[in-house]
């Protein structure tokens, strides 16, 4: 079966998280919005405990946390939810980057069809966008700047803190897609000034199907975001629908575990990364690492093996490890990675690139052993 090395796609659920979810499924059958019996009270108490756990990890107020089905929905709400405000104020300009997740890019494209203007900033060859290039695009009619904190394909960290500082006193909302940094860059996220933040539980060993949209208060007011679905008033109308109590508890538990363990988790991930880089350098395989590793999370490597098809490499090493060659959201597409394309990498090199990602629960020895097998296969392919 091999070693799982596709954590940026989804992380295996932590057993401790699963145990807490099972307790809810077994013992808390109520709807969190049922106010007429103790079953509903118990469910609501569990939801609010989880909300507090998410808020604590981010260093925000509990009433700024809204539960969703995941970051894709959170991104949609954050962007589409400002449409009414934008129409009323005439502020219909959005700034984002060309390397965002599809849930941001496709939403922006849809708004362009409705009369919005969107400016897309390309990254430099190192994978990072220029702070100056972003800030110079801000105008009086700019309603939103939406930029991911860490790229899902390369692991490159964007200069979010600097952009947030610039926007702090502007009448422009700042949205961060923190899907790949939440629970990893914990202290860094707490230091960033932003208005909205998206995340998914399954990236931090929580369950799939639940996430959070954080709406920060400014001058005691939340951003003027409206829900994009019709229904009840769950989550104060931001996200209608019955709250999945067990999933929410799973998210809260994952956050609580991360808050107490994130420093050692990052150390474990960095140890694995250093071991992989050591093996890579000693292998003699001709390769290049995509993105500046001085600005990269310790749990991701995007490697171009010169002259080796990524598709062939993945198929030939699947008994050793599970890796990918791009975002899982585009895995059915055979087009070259739009992220690497935007970085100016040639199509040939993109087709030779794979993403390897791991987590704190990964066993360093197992990861290194599987990576050696991958390197051996890559070396044999390159010889032809």
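Observations, loosely collected:
- Any hit, segment 253-263, residues being crowded, with 20+ Cβ neighbours inside 10 Å, more than 22 Å from residue 48 (Cα to Cα), in contact with a helix residue (DSSP H, G or I) (Cβ under 9 Å, 6 or more places away or on another chain) and modelled with pLDDT of 95 or more: no
- Selection status of residue 174, buried (at least 24 other Cβ atoms within 10 Å of the Cβ), assigned by TED's automatic domain parsing to the domain that holds residue 225, touching a helix residue (DSSP H, G or I) at 6+ places or on another chain (Cβ under 6 Å) and without any contact (Cβ under 8 Å) to a residue 40 or more places away in the chain: yes
- Taking the conditions (1) in contact (Cβ under 8 Å) with a residue 12 or more places away in the chain; (2) in contact with a helix residue (DSSP H, G or I) (Cβ under 9 Å, 6 or more places away or on another chain) in turn, residue 232 satisfies each one other than (2).
- Options 216, 239; residue that is under 22 Å from residue 48 (Cα atoms), crowded, with 19+ Cβ neighbours inside 10 Å and under 20 Å from the mean Cα position of the chain (by Cα): 239
- Residue list for segment 264-285, restricted to those being at pLDDT 95 or above, farther than 15 Å from residue 301 by Cβ and touching a helix residue (DSSP H, G or I) at 6+ places or on another chain (Cβ under 8 Å): 265, 268
- Subset of segment 82-128 [in a helix (DSSP H, G or I) and more than 29 Å from residue 326 (Cα to Cα)]: 83, 84, 85, 86, 87, 88, 89
- Any chance residue 90 is more than 17 Å from residue 254 (Cβ to Cβ) and touching a strand residue (DSSP E or B) at 6+ places or on another chain (Cβ under 7 Å): no
The values are calculated or read from the model by the stated rules, or taken from the named source; none is laboratory data. Computed from a predicted structure; not experimentally measured. Cβ: placed from backbone, ideal geometry, glycine included. Neighbour counts: every protein chain shown.
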